[in-house]
Amino acid sequence: MEFIDESLICSLLQDETLKDQSLQNEIIEKAKEAKGLSLKDSAALLNISSEDVLDNLFSAARQIKEKIYGNRLVLFAPLYITNACVNNCLYCAFRQDNKELIRKTLTLDEIREEIEFLVGQGHKRILLVAGEHPKKSSMQYLGDAVETIYKVKVNNGNIRRVNINSAPLSIDNFKVLKSFGIGTYQCFQETYHYETYKTMHPSGPKSDYAWRLYAMDRALQAGIDDVGIGSLFGLTDYKFETLAMLSHAFNLDKNYGIGPHTISVPRIEPALNAPAAKNIPFAIDDSSFKKIIAILRLAVPYTGIILSTREKAEFRRELFNVGISQISAGSRTSPGSYKESKESLKEHEMEQFQLGDHRSLDEVVKDCCNLGYMPSFCTACYRSQRTGDRFMELAKSGDIGKICVPNALSTFKEYLIDFASDGTSSVGEEFLNEQISRVNGTTNSKIKKMIERVENGERDVYF
């Protein structure tokens, strides 16, 4: 655990020289080169208190995000397949001691029904989520679930990328997981503060801090190209958590030549019989949360930053502008709840936590267009072997957009033809044509040919 240096982090947070506004502005200007920041630089930005410097920070985060990822927002939905869990995390409704939670593990037929609903909405990416249970979420079950998901076809649509959020595995089991054809493996440390971690995870396999911390190392060693990390903000001081998570990202980049493909930034939300979610130890205000996201964008500019539907729609719109590049939409956090098509009391008795944004995918897509963001359903990189260090090279150089823009436009056209409501289709077509007109030269011609192929009935057109 040597790369999470708590004494170093605490010394940086106590360094009064890092509160100097001139220094903070200098760091922000340096960050605009999109080469990333050091831990000390990031600590200085966490100390920003001036509104003027904050505005400068937010502006820089927007510039860097647009420089690397453009105006695209990648869309996905989580699929919870079991809420059975042998851990006892104090912030989670799935914890073993929660006797009021209705436990459910989906059958393969139920998984297929859930995916039929999600594909029918227009989704192309799924984040498969499973509680940690040796029998209910076995490797065999996970593999069968992924296979079932990939087989579903609805109205020309299908899931083209299954990412997975599951318990840490051994290297051998990570190799098995890779064989299922997954995309990114995602696992959150929840909190990097050792004593807080031990308090929040009193029993179960998850109580082993080091086993979880080194999960990404084992995944990469097993050949999984892309990994996603995250912290659950609210368990300890957000400044410590941000620097510790960046330490994790820097360590992965140093040891494997690639940092995390994604970083997630969930805040604790109310959850059934979860004591730490009822009385949040270190609740974070919206302004501080917005600052965290902007600093992450400056510090690790190549990384996709994920925002979930924990946050309310109004605040999500605001956060899009400071570095978010991936969002969930139309989410549910309990097994089997999508096919119900609307919220039910039973759903709340099965969910992991409460949501803030309850809009459908169609509503989110329309809103993105109105805000000037391109809804992206692209999954081409995994079919083109642009993963791991190959993706990172393109992202770090700022060249990923040359590939992603045409592919995003092509898949958005698919969505508009196959799944959009009349109102969203009208707004989306106007937005799509405006985006195409912004692209010059031979790329514009290539995009128009791709769009024409989609209009003629082809699907999954990409390069």
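Every number here is computed from the coordinates shown, using simple stated rules; none is lab data. Quick caveat, the model's predicted, so the values are computed rather than measured. Reconstructed Cβ throughout: ideal geometry from the backbone, glycine too, with neighbour counts over all protein chains shown.
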> For the residues Leu252, Leu75, what sequence is obtained by ranking on other C-beta atoms within 10 Å, fewest first?
Replying inline: Leu252, Leu75
> What is the spin-label model distance, in nm, from Ile280 to Ser22 if the labels are put 7 Å beyond Cα along the C-beta direction?
Replying inline: 3.7
>> How big is the stretch 99-240 along each principal axis, measuring the range of its Cα positions in Å and listing the largest first?
In response: 50, 39, 32
> Rounded to the nearest 0.05, what FRET efficiency do Asp52 and Phe463 have when you use their Cβ-Cβ distance and R0 = 60 Å?
Replying inline: 0.85
>> Explain nothing, just the number: dipole magnitude of the stretch 399-455 about its Cα centre with +1 on each Lys and Arg Cβ and -1 on each Asp and Glu Cβ, in debye rounded to the nearest 20.
In response: 380
> When you count, for each residue, the other Cβ atoms within 10 Å and take the mean per peptide, how do 178-187, 234-243 rank with the highest first?
Replying inline: 234-243, 178-187
>> Based only on other Cβ atoms within 10 Å, what is the fewest-to-most ordering of Glu132, Glu458?
In response: Glu458, Glu132
>> For the chain, give me every cysteine whose Cβ has no other Cys Cβ within less than 4.7 Å, ordered by residue number.
In response: Cys10, Cys85, Cys187, Cys368, Cys369, Cys378, Cys381, Cys404
> How high is the FRET efficiency from Lys67 to His358, r the C-beta distance, R0 45 Å, rounded to 0.05?
Replying inline: 0.85
>> What does the extension gain come out to for Glu452 and Glu147, with contour length at 0.36 nm per residue minus their alpha carbon separation?
In response: 106.7 nm
>> Taking loop as defined by DSSP and a crowding limit of 15 other beta carbons within 10 Å, which GluC sites (Glu not before Pro) in the stretch 1-70 fit?
In response: Glu2, Glu33
> log10 I(q)/I(0), Debye, Cα-only the chain, no solvent, q = 0.11 Å⁻¹?
Replying inline: -0.86
> Ser59 to Ser426: FRET efficiency via 1/(1 + (r/R0)^6), r the Cβ-Cβ distance, R0 25 Å, to the nearest 0.05?
Replying inline: 0.20
> Which Cα, out of Ile27, Asn83, Ala222, lies furthest along the positive dipole direction of the chain (beta carbon charges, K/R +1, D/E -1)?
Replying inline: Ala222
>> Could you tell me how many cubic angstrom of Cα convex hull volume the stretch 399-455 has per residue?
In response: 69
>> Name the residue from His248, Ser445, Ile306 whose Cα lies farthest towards the positive end of the charge dipole of the chain, charges +1 on Cβ of Lys and Arg and -1 on Cβ of Asp and Glu.
In response: Ser445
>> Suppose every Lys and Arg Cβ carries +1 and every Asp and Glu Cβ carries -1, with no other charges. What dipole size does the stretch 166-317 come out with about its Cα centre, to the nearest 20 debye?
In response: 200
> Residue separation times 0.36 nm, minus the C-alpha to C-alpha distance between Lys254 and Glu318: what's the value?
Replying inline: 19.8 nm
> How large is the Kirkwood hydrodynamic radius of the stretch 207-341, in angstrom, based on all distinct alpha carbon pairs?
Replying inline: 16.2
> What distance in nm separates the simple spin-label points at Asp208 and Glu2, each placed 7 Å from Cα in the Cβ direction?
Replying inline: 2.2
>> Placing unit charges on C-beta atoms (Lys and Arg positive, Asp and Glu negative, everything else neutral), compute the dipole magnitude of the stretch 67-380 about its Cα centre in debye, rounded to 20.
In response: 460
> Using the Cα gyration tensor of the stretch 53-122, with a ≥ b ≥ c the square roots of its eigenvalues, what is the shape: rounded (a/c below 1.5), prolate (a/b larger than b/c) or oblate (neither)?
Replying inline: oblate
